[in-house]
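Here's the structure, in structure tokens; my notes come after.
The values are calculated or read from the model by the stated rules, or taken from the named source; none is laboratory data. Model, not experiment: these values are computed from the prediction. Methodologically, a virtual Cβ is constructed for each residue, glycine included, from the backbone with ideal geometry; neighbour enumeration extends over all protein chains shown.
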Amino acid sequence: MKCEPTMTYRLGIDTGGTHTDAVILDQHDAVVATAKRLTTRLNLQQGIADALDALPAELLENVTLVALSSTLTTNAAVEGKGAPIGVILIGYDQRQSQATGLHSLLGSREVANIDGGHDADGQPLCTLDETTLRERIAAWQGRVSAFAVSSTFSVRNPAHELRAAEIVREMTASPVTCGHELAASLGAPRRAMTSALNARMIAYVGELIVAVRGILEQHAIQAPLMIVKGDGSLISADSAILQPITTVLSGPAASVNGAMLLSGQRNLIVADMGGTTTDIAVVRNGRPTLCHDGARVGSWQPMVEAIKLYAIGLGAIAKWLTIRRMG
């Protein structure tokens with residue numbers, strides 16, 4: 001007697017500003033189960049757990065891939081939230097240092113200017129001041145959860161960033177983000193801001209991923225956990241912990257991918273109305289238009305490639321109230 005192969009499924013989870021949605025797709029990309037629960041903003045994993053509890057257990061047992069999209073990094077950046085960090089700026093002059101915007105975001109005590117850096121040809125401006133660097137790292141011990149390092153023209157020569165990161169790891173157990181790892185474009189102040197925002201999110205995203213893995217384990221799901229990036233592609237959960245800034249605009253990107261799949265169209269305009277905003281994106285020839293100069297999140301524009309969105313401050317609740325007032 002020939003045994004029928006076991007049907008396998010993929011699980012998608014999206015934590016929006018108002019609702020958390022979970023959906024199961026079969027091997028043919030058909031939606032076979034959905035669940036919607038309120039997002040618990042102060043404890044995102046609770047909303048996720050509630051959504052998974054509402055899905056058929058027999059389907060969850062055969063899930064082979066899990067994809068998570070979340071508003072966590074986007075909302076945290078917009079609201080100015082994040083874990084405490086220390087920022088190391090190497091070779092920055094006063095104008096460049098102020099242009100990062102990090103003194104107003106974090107306070108000048110959390111930003112250290114260190115001699116070093118390179119010129120446009122990748123040649124060192126001067127020797128990296130390791131003595132002052134070690135003093136600042138020691139002063140931050142126990143007060144910060146992560147470090148961000150940005151050196152002038154590090155995209156041409158990352159030697160000073162790499163050495164500074166090495167010293168951080170020698171002296172602490174905290175994660176460290178280097179600017180050249182996140183962006184290949186010139187523009188030292190924006191690259192510094194990008195690495196700083198990334199470092200601020202490491203603890204937040206790490207906590208969420210650990211919690212989600214625990215929830216999946218409770219449902220006996222052993223599948224790999226992937227995170228949706230802002231450009232619509234996927235990144236492993238372990239990579240997302242180290243580079244959480246790449247998940248900015250993760251939720252809207254997931255909506256665009258879903259609209260493309262469900263509609264079967266290659267050219268379309270996607271309008272995603274959430275509880276807070278309506279996000280509009282354009283898809284041409286099966287590919288969403290990307291914002292190559294960086295995603296704008298609140299007053300920040302980190303060097304992160306993401307889907308180009310037109311956001312309108314009119315969510316579902318606001319629209320409902322407007323309609324009610326109009327009679």
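If we only count strands (runs of 3 or more DSSP E) wholly inside the range 1-83, which ones have 1 or more residues that are in contact (Cβ under 8 Å) with a residue 40 or more places away in the chain and among the small types (Gly, Ala, Ser)?
Counting at least 1 such residues, we get 9-15, 63-70.
Considering only residues that are surrounded by fewer than 16 Cβ atoms within 10 Å (Cβ to Cβ) and of a type in the set (Ser, Thr, Tyr), look in the range 19-43 and name the one that is farthest from the chain's Cα centre (by Cα).
Among residues in the range 19-43 that are surrounded by fewer than 16 Cβ atoms within 10 Å (Cβ to Cβ) and of a type in the set (Ser, Thr, Tyr), the one farthest from the chain's Cα centre (by Cα) is 34.
For residue 111, state whether it is surrounded by 21 or more Cβ atoms within 10 Å (Cβ to Cβ) and not charged (D, E, K, R).
Judged against the criteria, residue 111 is a match.
Exactly one condition in (1) in contact with a Ser or Thr (Cβ under 6 Å, 6 or more places away or on another chain); (2) modelled with pLDDT of 90 or more is false for residue 237; which is it?
Failing condition for residue 237: (1).
Within the range 137-147, can you find the residues that are in a loop (DSSP other than H, G, I, E, B) and more than 24 Å from the chain's Cα centre (by Cα)?
Matches in the range 137-147: 141, 142.
Tell me, yes or no, whether the range 179-193 has at least one residue that is of a type in the set (Asp, Glu), farther than 29 Å from residue 45 by Cβ and either in contact with an Asp or Glu (Cβ under 9 Å, 6 or more places away or on another chain) or in contact (Cβ under 8 Å) with a residue 24 or more places away in the chain (or both).
No, because not a single residue in the range 179-193 is of a type in the set (Asp, Glu), farther than 29 Å from residue 45 by Cβ and either in contact with an Asp or Glu (Cβ under 9 Å, 6 or more places away or on another chain) or in contact (Cβ under 8 Å) with a residue 24 or more places away in the chain (or both).
Return the residues of the range 148-160 that are of a type outside the set (A, V, I, L, M, F, W, C) and not in a strand (DSSP E or B); say none if nothing qualifies.
Within the range 148-160, 152, 154, 156, 157, 158, 160 meet the criteria.
Between 97, 151, 69, which is of a type outside the set (A, V, I, L, M) and within 20 Å of residue 244 (Cβ to Cβ)?
Residue meeting the stated conditions: 69.
For the range 213-227, which residues satisfy the criterion of being hydrophobic (A, V, I, L, M, F, W, C) and assigned to a loop (DSSP other than H, G, I, E, B)?
Of everything in the range 213-227, those that are hydrophobic (A, V, I, L, M, F, W, C) and assigned to a loop (DSSP other than H, G, I, E, B) turn out to be 220, 221, 223.
Which ones in the range 114-134 are surrounded by 13 or more Cβ atoms within 10 Å (Cβ to Cβ), farther than 27 Å from residue 301 by Cβ and at pLDDT 95 or above?
115, 128, 129, 130, 132, 133, 134
Name the pairs: first residue in the range 255-280 and farther than 17 Å from residue 22 by Cα, second residue of a type in the set (Lys, Arg) and modelled with pLDDT of 85 or more, Cβ to Cβ under 7 Å, at least 6 apart or on different chains?
Hits for this filter: 267/284.
Looking only at residues in the range 230-250 that are in contact (Cβ under 8 Å) with a residue 40 or more places away in the chain and crowded, with 24+ Cβ neighbours inside 10 Å, which one is farthest from residue 308 (Cα to Cα)?
For the range 230-250, the residue satisfying everything is 244.
Does residue 163 satisfy the criteria of being at pLDDT 95 or above and either part of a loop (DSSP other than H, G, I, E, B) or surrounded by fewer than 22 Cβ atoms within 10 Å (Cβ to Cβ) (or both)?
Against the criterion (at pLDDT 95 or above and either part of a loop (DSSP other than H, G, I, E, B) or surrounded by fewer than 22 Cβ atoms within 10 Å (Cβ to Cβ) (or both)), residue 163 qualifies.
For (1) touching an Asp or Glu at 6+ places or on another chain (Cβ under 8 Å); (2) within 18 Å of residue 244 (Cβ to Cβ), each residue gets a yes or a no:
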residue	(1), (2)
28	no, no
36	yes, no
56	no, no
64	no, no
75	no, yes
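Answer with yes or no whether residue 104 is at pLDDT 90 or above and either more than 20 Å from the chain's Cα centre (by Cα) or assigned to a strand (DSSP E or B) (or both).
The answer is no for residue 104.
I'd like to know if the range 55-74 contains one or more residues that are farther than 27 Å from residue 272 by Cβ, surrounded by 14 or more Cβ atoms within 10 Å (Cβ to Cβ) and within 19 Å of the chain's Cα centre (by Cα).
The answer is no; no qualifying residue exists.
Considering 228, 256, which residue is of a type outside the set (Lys, Arg), under 30 Å from residue 202 (Cβ atoms), touching a Ser or Thr at 6+ places or on another chain (Cβ under 6 Å) and at pLDDT 85 or above?
Only one candidate qualifies: 228.
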